[in-house]
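To start, the structure under review is shown below, and the notes come after it.
Bear in mind that the values in this text are calculations on the coordinates, not laboratory data. It should be emphasised that the depicted structure is a prediction, and the values quoted were computed from it without experimental measurement. No Cβ is skipped: glycine too gets one built from the backbone with ideal geometry, and neighbour counts run over all protein chains shown.
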Amino acid sequence: AQKVTQAQTEISVVEKEDVTLDCVYETRDTTYYLFWYKQPPSGELVFLIRRNSFDEQNEISGRYSWNFQKSTSSFNFTITASQVVDSAVYFCALTASSGYALNFGKGTSLLVTP
Amino acid sequence: EAQVTQNPRYLITVTGKKLTVTCSQNMNHEYMSWYRQDPGLGLRQIYYSMNVEVTDKGDVPEGYKVSRKEKRNFPLILESPSPNQTSLYFCASRTRTDTQYFGPGTRLTVL
């Protein structure tokens, strides 16, 4: 069975603060894929990143960075110098190569205030 | 442009009136699925399809039907909608190892 846990239900920060969203996963598969999606107030689900289990390199995209650590089964997401437009619900998700199911965490609601 | 489309985007209906939410993708993906999103419950899978004529139940299939007669289309059917099916619905598609792409969502209200 696969499981994704996002322990932080809601986070509130002031603009320009750095914020890290935690994601912990469980899977027995050795080959798997991890994702982050953003859901802004408008409601659509926006793909942010995909990482496979063989690539533990951290990734940076502008103010966004992701820290993948297999040793702790975590795939954390950091926003540097947060902005009001970052306010959204963020979902972490996991799928294994053995199947098609994409398992989501319950999401973390991030509120960035001016 | 690669995309998943859903229609309608918003729908208000009454209990018991059959409805269909259409979903179409233009990426030739084998796998398609439907999710519903409710506050505090996250995204829950309703049904999925691994290819044409192959469908299976997800976590919350009760009250829903699907069909996959063509690879690109995967409609969600509510034969007799009830108020507890008021939700935000997403269609999605992907290949086995590729990123899952979501439609824009359908906000359904059942009175």
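Classify segment A:6-52: rounded, prolate or oblate, from the alpha-carbon gyration tensor (a ≥ b ≥ c, eigenvalue square roots; a/c under 1.5 rounded; otherwise prolate if a/b is larger than b/c)? Prolate shape, in that a/c is at least 1.5 and a/b is the bigger ratio.
Highest mean first, the peptides A:64-74, A:19-29, B:23-33 sorted by other C-beta atoms within 10 Å per residue fall in the order B:23-33, A:19-29, A:64-74. Under 10 °C and 1.306 mPa s, how fast does chain A diffuse according to Stokes-Einstein, given a Kirkwood radius computed over C-alpha pairs? Answer in µm²/s, whole number. Rounded to a whole number, D works out at 112 µm²/s.
Among B:Leu19, A:Leu45, B:Leu111, the ranking by other beta carbons within 10 Å of each residue's beta carbon, starting with the fewest, stands as B:Leu111, B:Leu19, A:Leu45. Per residue of peptide A:39-51, the mean number of Cβ atoms on other chains within 10 Å of the residue Cβ is 3. Taking 0.36 nm per residue of sequence separation and removing the Cα-Cα distance, the B:Leu11/B:Glu53 pair yields an extension gain of 12.4 nm. Need the list of lysines near A:Lys38 for cross-linking: C-alpha distance under 20 angstrom, and skip anything on the same chain fewer than eight residues off. Cross-link targets: A:Lys3, A:Lys16, A:Lys106. Going 7 Å from the Cα of B:Ser67 along its beta-carbon direction, which residues of segment B:3-43 have the amide nitrogen within less than 12 Å of the resulting point? So the set is B:20. For the segment B:43-53, counting C-beta atoms of other chains within 10 Å of every residue's C-beta and taking the mean gives 2. Per-residue shielding of B:81-94, expressed as the average number of other chain Cβ atoms within 10 Å of the residue Cβ, stands at 1. Taken about its Cα centre, the protein assembly as shown carries a charge dipole of roughly 700 debye when the Cβ of each Lys and Arg holds +1 and the Cβ of each Asp and Glu holds -1.
Loop only per DSSP, at most 13 neighbouring Cβ atoms within 10 Å: give me the trypsin sites (Lys or Arg not before Pro) in segment B:57-111, ordered by residue number.
Filter output for segment B:57-111: B:Lys69.
Dividing the mean sequence gap of close Cα pairs (under 8 Å, 6+ apart) by how many residues chain B holds gives a relative contact order of 36 percent. Projecting label points 7 angstrom from Cα along Cα→Cβ for A:Val85 and A:Arg28 puts them 4.5 nm apart. Set against the 2.2 N^0.38 Å expectation for a compact globular protein, the protein assembly as shown has a Cα radius of gyration ratio of 1.03. Fewest-first ordering of B:Thr109, A:Thr95, A:Thr113 by other beta carbons within 10 Å of each residue's beta carbon gives A:Thr113, B:Thr109, A:Thr95. DSSP assigns beta bridges within chain B; of those with both partners inside it, close to 90 percent run antiparallel. With K and R counted +1 and D and E -1, the other residues having a Cβ less than 13 Å from that of B:Cys91 yield a net charge of +4.
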